[in-house]
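Colleague: Mind having a look at this structure? Questions to follow.
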Amino acid sequence: MEPVLSVRDLIVEIPTRHGVLRPVDGVSYDLAPGEILGVVGESGAGKSMTGNAVIGLLDRPAHIASGEILLNGRRIDNLPLREMRKIRGREIGMVFQDPLTSLNPLIPIGEQLSETIETHLGVSKAEARKRALASLEEVGIPAAAERLDSYPHEFSGGMRQRVVIALALCAEPSLVIADEPTTALDVSVQAQIIALLQRLCRDHGTSVILVTHDMGVIAEAADRVAVMYAGQLVEIGPVRDVLTHPKHPYTDGLVGSMPANSHGQARLRQIPGAMPRLNALPEGCPFNPRCPVADATCRAAPRPALTEGAACWHPIGEPA
Amino acid sequence: MSMVTIRNLTRTFDVSKPWLNRMLERLPKQTLTAVSDVSFEIKEKTVYALVGESGSGKSTIGKILVGLLPPSDGAVEVEGVDLAHETDKAVLSDLRSNIQMIFQDPYASLNPRWRVKDIIVEPVRARSGKAEGLAEKLLEQVGLSALDADKFPHQFSGGQRQRICVARALASEPRLIVCDEPTSALDVSVQAQVLNLMSDLKENLGLTYLFISHDLTVVRHMADRIGVLYLGQLVEEASPDTLFETPKHPYTQMLLAAAPKLDQFGREEEPPQGEIPDPINPPPGCVFNPRCPLATDMCRSERPVLRQLGETRVACHMVEG
């Protein structure tokens with residue numbers, strides 16, 4: 001089956017006075033139709049930057065330095081702005097962390113939805129309003145017909161995030177990028193939003209890139225998981241394999257440091273140190289200063305490539 | 001011996017519109033009850049955790065305990081002194097230096113224009129105490145270097161900043177620390193470092209914590225006793241193992257079921273219904289009744305009181321021993 005999205009050796013660079021930084025460094029993955037890919041990593045690992053590169057929303061001076069992004073077989077990383085605007089919202093939907101800042105506070109939500117539908121699907125005003133109502137009903141807004149003319153501030157956080165999801169899905173895109181969609185929400189509402197996202201994507205066959213730092217959300221929602229560290233993809237694979245038998249020492253540390261995995265011990269397992277800054281990356285594997293199994297190979301250039309699931313010279317579970 | 005005793009604590013906020021609007025539009029005064037009739041005790045050298053969703057009143061209780069907000073009703077006693085009614089200033093001042101707080105956002109809780117050493121010794125200096133060499137000693141105690149004392153907060157990462165906040169909280173040698181979501185702004189690996197540090201300090205210095213969090217896994221790891229809050233009311237209180245293995249209140253059960261788990265791949269369970277109701281007009285009777293699967297007419301009219309059931313205290317009409 002042809003992948004919906006194909007990212008090939010993507011490198012994003014930010015030129016600064018003190019040299020060029022690479023917040024995304026050689027990331028490659030494919031996304032199958034209907035698949036949910038979870039992207040995890042600490043803050044600054046390049047998770048959001050990868051998503052923004054795909055949808056063409058990198059803030060200058062950040063730019064794609066090399067690599068390819070293919071959406072349904074068509075190259076989209078080098079499209080002119082005007083072409084990219086047609087794809088955004090039509091073929092790629094976006095759900096951001098804070099639902100209040102992604103809705104216009106001065107326009108009723110019904111109008112925001114029908115505007116999107118009108119622009120992208122070229123239907124009449126009346127038809128667009130009808131579809132807007134249908135999409136609000138689909139995301140579970142109670143009494144949707146009466147709430148079409150409500151403003152964003154009249155909704156609760158969870159309801160707002162439902163509206164944002166309706167907005168992302170109303171033009172029937174083939175890919176949705178959800179960047180920390182539940183981080184601002186409470187646990188019980190988070191469960192509702194994740195279930196909603198899963199159901200809609202199954203019904204519409206939409207693929208999802210789910211960017212989050214919450215391993216629990218990934219475990220429940222994603223089919224595959226990609227782990228990022230210092231701009232690189234260090235491990236990718238089916239969610240069950242990666243979380244139960246991680247190959248990369250970083251993934252292992254990340255899973256092990258969760259309080260849920262402490263098994264009643266008094267101390268949590270911790271990864272020593274912090275992620276290096278992009279302007280002070282160590283030689284060789286960027287994880288080597290924090291890695292329990294690092295040796296001379298890891299400290300010398302070049303850094304390991306992503307093969308068989310993990311970018312590591314000494315993956316866990318393989319004979320040395 | 002209990003370090004903190006909170007009895008029938010209530011805190012309301014006036015959320016009315018301005019006076020002129022009320023007169024012109026003939027609106028009544030409106031109050032929001034953030035904490036309603038909450039009672040619990042914290043034993044010395046233990047960790048008491050408050051969990052709940054946003055708007056449940058957990059931070060308000062923390063603020064009342066450190067004295068940032070006065071209670072509307074009820075009593076807060078720390079080491080036998082009633083914080084709201086004690087009139088002897090010397091006793092109060094002495095007590096206040098025994099209670100410190102660690103806040104959620106380490107980016108907002110450190111003054112960006114102050115050097116780290118000034119930030120850390122401020123609680124001591126404010127009481128004209130001796131502060132020489134104190135910052136350096138504390139920095140090493142929280143796992144930073146004494147050389148960091150002359151730096152500014154922006155030179156540190158989130159986890160390191162939270163360590164500075166811990167050092168500041170320790171400066172006045174407190175016995176009770178209120179931790180309001182101390183790790184929710186941090187990444188998991190850094191969270192583990194900070195939680196381990198807090199456990200070590202508790203052991204070494206004999207501290208008592210009031211630990212406020214929405215993260216159930218963190219609470220289970222840290223706490224000796226857990227109180228579950230919903231819309232300003234304490235609905236259940238138990239030890240971590242009892243609470244997580246046999247939750248009694250339907251809200252606790254819902255919360256535990258909704259929390260994402262690491263071993264439930266592709267779970268497609270029916271998520272909990274509804275959201276927290278508006279605290280200005282809470283539902284009559286048990287506040288959880290609109291979302292509760294067991295709700296009866298009694299639940300819709302009468303507020304349940306906390307009852308002792310074995311080791312657990314629970315406020316629910318329908319739960320039986």
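The values are calculated or read from the model by the stated rules, or taken from the named source; none is laboratory data. If you're wondering where the values come from, they're calculated on a predicted model, not measured in any experiment. Cβ: placed from backbone, ideal geometry, glycine included. Neighbour counts: every protein chain shown.
Colleague: Counting only residues that are within 11 Å of chain A (Cβ to nearest Cβ) and outside any helix (DSSP H, G or I), how many does the range B:211-222 have?
Modeller: 3
Colleague: What is the residue count in the range A:161-173 for residues that are buried (at least 22 other Cβ atoms within 10 Å of the Cβ), in contact with a His (Cβ under 9 Å, 6 or more places away or on another chain) and of a type in the set (Gly, Ala, Ser)?
Modeller: Residues flagged as buried (at least 22 other Cβ atoms within 10 Å of the Cβ), in contact with a His (Cβ under 9 Å, 6 or more places away or on another chain) and of a type in the set (Gly, Ala, Ser) within the range A:161-173 amount to 0.
Colleague: Considering only residues of the range A:267-289 that are of a type in the set (S, T, N, Q) and crowded, with 19+ Cβ neighbours inside 10 Å, which is nearest to the other protein chains (Cβ to nearest Cβ)?
Modeller: My answer is A:Gln270.
Colleague: Sticking with this one: How many residues are part of a helix (DSSP H, G or I) and either touching a helix residue (DSSP H, G or I) at 6+ places or on another chain (Cβ under 7 Å) or under 16 Å from B:Glu236 (Cα atoms) (or both) when one looks only at the range B:289-314?
Modeller: 3
Colleague: A:Pro292 passes all but one of (1) on the phi < 0 side of the Ramachandran plot; (2) away from every other protein chain (no Cβ under 14 Å); (3) surrounded by fewer than 19 Cβ atoms within 10 Å (Cβ to Cβ); (4) out of contact with any Lys or Arg (no Cβ under 6 Å at 6 or more places or on another chain); which number fails?
Modeller: All conditions are met except number (2).
Colleague: Among the listed residues B:Gly285, B:Gly274, which satisfies the condition of being within 13 Å of chain A (Cβ to nearest Cβ), assigned to a loop (DSSP other than H, G, I, E, B) and over 24 Å from B:Phe211 (Cα atoms)?
Modeller: The match here is B:Gly274.
Colleague: Restricting attention to the range A:148-158, report how many residues are small (Gly, Ala, Ser), within 14 Å of chain B (Cβ to nearest Cβ) and assigned to a loop (DSSP other than H, G, I, E, B).
Modeller: Summing the residues that are small (Gly, Ala, Ser), within 14 Å of chain B (Cβ to nearest Cβ) and assigned to a loop (DSSP other than H, G, I, E, B) in the range A:148-158 gives 1.
Colleague: When you go through A:Gln190, A:Gln161 one by one, which is the residue that is part of a helix (DSSP H, G or I), of a type outside the set (D, E, K, R) and more than 27 Å from A:Ile76 (Cβ to Cβ)?
Modeller: The conditions single out A:Gln190.
Colleague: Condition first: modelled with pLDDT under 90 and more than 8 Å from chain B (Cβ to nearest Cβ). Now tell me which residues in the range A:200-217 satisfy that.
Modeller: Hits for the range A:200-217 are A:Leu200, A:Cys201, A:Arg202, A:Asp203, A:His204, A:Gly205, A:Thr212.
Colleague: Can you run down the residue pairs with Cβ atoms below 8 Å, 6 or more apart or on separate chains, where the first is in the range A:234-245 and more than 13 Å from every other protein chain (Cβ to nearest Cβ) and the partner is assigned to a helix (DSSP H, G or I) and crowded, with 19+ Cβ neighbours inside 10 Å?
Modeller: A:Val234/A:Tyr250; A:Val234/A:Thr251; A:Glu235/A:Val242; A:Glu235/A:Tyr250; A:Glu235/A:Thr251; A:Ile236/A:Val242
Colleague: Next up: Kindly list the number of the only condition in (1) touching a residue at least 12 places away in the same chain (Cβ under 8 Å); (2) surrounded by fewer than 18 Cβ atoms within 10 Å (Cβ to Cβ); (3) not in a loop (DSSP other than H, G, I, E, B) that fails for B:Pro112.
Modeller: That leaves (3) as the condition not met.
Colleague: Within the range A:275-286, is there a residue that is modelled with pLDDT under 85 and touching an Asp or Glu at 6+ places or on another chain (Cβ under 7 Å)?
Modeller: Yes - at least one qualifying residue is present in the range A:275-286.
Colleague: Every residue in the range B:211-230 that is out of contact with any helix residue (DSSP H, G or I) (no Cβ under 6 Å at 6 or more places or on another chain) and either crowded, with 24+ Cβ neighbours inside 10 Å or not β-branched (Val, Ile, Thr) (or both), please.
Modeller: Listed by number, the residues that qualify are B:His214, B:Asp215, B:Leu216, B:Met222, B:Asp224, B:Arg225, B:Gly227.
Colleague: Answer yes or no: is there a residue in the range A:225-237 that is closer than 30 Å to B:Lys202 by Cα and either hydrophobic (A, V, I, L, M, F, W, C) or out of contact with any Pro (no Cβ under 8 Å at 6 or more places or on another chain) (or both).
Modeller: no
A quick yes/no check of all residues on (1) buried (at least 21 other Cβ atoms within 10 Å of the Cβ); (2) within 14 Å of another protein chain (Cβ to nearest Cβ); (3) touching a residue at least 24 places away in the same chain (Cβ under 8 Å):
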position: A:Pro105; (1), (2), (3): no, no, yes
position: A:Glu146; (1), (2), (3): no, no, no
position: A:Leu175; (1), (2), (3): yes, no, yes
position: A:Thr183; (1), (2), (3): no, yes, yes
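Colleague: In the range B:269-282, is there at least one residue being at pLDDT 85 or above, under 19 Å from B:Val228 (Cα atoms) and surrounded by 13 or more Cβ atoms within 10 Å (Cβ to Cβ)?
Modeller: yes
Colleague: With the condition kept exactly as written, say whether any residue in the range B:252-268 is more than 9 Å from chain A (Cβ to nearest Cβ) and within 30 Å of A:Arg202 (Cα to Cα).
Modeller: Yes; the residues of the range B:252-268 include at least one that is more than 9 Å from chain A (Cβ to nearest Cβ) and within 30 Å of A:Arg202 (Cα to Cα).
Colleague: Can you work out which of the residues in the range B:54-92 that are touching an Asp or Glu at 6+ places or on another chain (Cβ under 6 Å) and surrounded by 20 or more Cβ atoms within 10 Å (Cβ to Cβ) is farthest from B:Gly232 (Cα to Cα)?
Modeller: Checking each candidate, the answer is B:Gly62.
Colleague: Then there is this: Wholly within the range A:210-320, which helices (runs of 4 or more DSSP H) include no fewer than the required count, namely at least 2 residues that are within 20 Å of the chain's Cα centre (by Cα) and within 26 Å of A:Leu197 (Cβ to Cβ)?
Modeller: A:215-221, A:239-244, A:249-256
Colleague: Checking the conditions here, which among B:Pro279, B:Pro304, B:Pro284, B:Pro290 is under 21 Å from A:Leu196 (Cβ atoms) and either in contact (Cβ under 8 Å) with a residue 40 or more places away in the chain or not basic (Lys, Arg) (or both)?
Modeller: Answer to the check: B:Pro290.
Colleague: Are there any pairs, at least 6 apart or on different chains, whose C-beta atoms fall under 7 Å, with the first in the range B:7-26 and farther than 25 Å from B:Leu83 by Cβ and the second loosely packed, with under 11 Cβ neighbours inside 10 Å and not acidic (Asp, Glu), and if so, which?
Modeller: As it stands, the answer is B:Ser16/B:Lys29, since those pairs meet every condition given.
Colleague: Here's a follow-up. Looking at the structure I just gave you, is A:Asp223 within 24 Å of A:Gly46 (Cβ to Cβ), modelled with pLDDT of 85 or more and surrounded by fewer than 24 Cβ atoms within 10 Å (Cβ to Cβ)?
Modeller: It is true that A:Asp223 is within 24 Å of A:Gly46 (Cβ to Cβ), modelled with pLDDT of 85 or more and surrounded by fewer than 24 Cβ atoms within 10 Å (Cβ to Cβ).
Okay, residues lined up against (1) assigned to a helix (DSSP H, G or I); (2) facing another protein chain (nearest Cβ under 9 Å); (3) free of Cβ contacts under 8 Å to residues at least 60 places away in the same chain:
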{"residue": "B:Pro182", "(1), (2), (3)": "no, no, no"}
{"residue": "B:Ala192", "(1), (2), (3)": "yes, yes, yes"}
{"residue": "B:Met198", "(1), (2), (3)": "yes, no, yes"}
{"residue": "B:Leu201", "(1), (2), (3)": "yes, no, no"}
{"residue": "B:Asn204", "(1), (2), (3)": "yes, no, yes"}
{"residue": "B:Tyr209", "(1), (2), (3)": "no, no, no"}
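Colleague: Which one of these does B:Pro250 not meet: (1) buried (at least 16 other Cβ atoms within 10 Å of the Cβ); (2) farther than 23 Å from B:Thr12 by Cα; (3) at pLDDT 90 or above; (4) out of contact with any Phe, Trp or Tyr (no Cβ under 8 Å at 6 or more places or on another chain)?
Modeller: Just one mismatch for B:Pro250, condition (4).
Colleague: Continuing with this model, one more query. Search the range A:136-155 for residues being under 24 Å from the mean Cα position of the chain (by Cα) and modelled with pLDDT under 90, and hand back the single one that is nearest to A:Asn104 (Cα to Cα).
Modeller: Ranking the candidates gives A:Val139 first.
Colleague: So, in the range B:52-88, exactly how many residues are of a type in the set (S, T, N, Q) and either in a strand (DSSP E or B) or on the phi > 0 side of the Ramachandran plot (or both)?
Modeller: Going through the range B:52-88 one residue at a time, the tally reaches 0.
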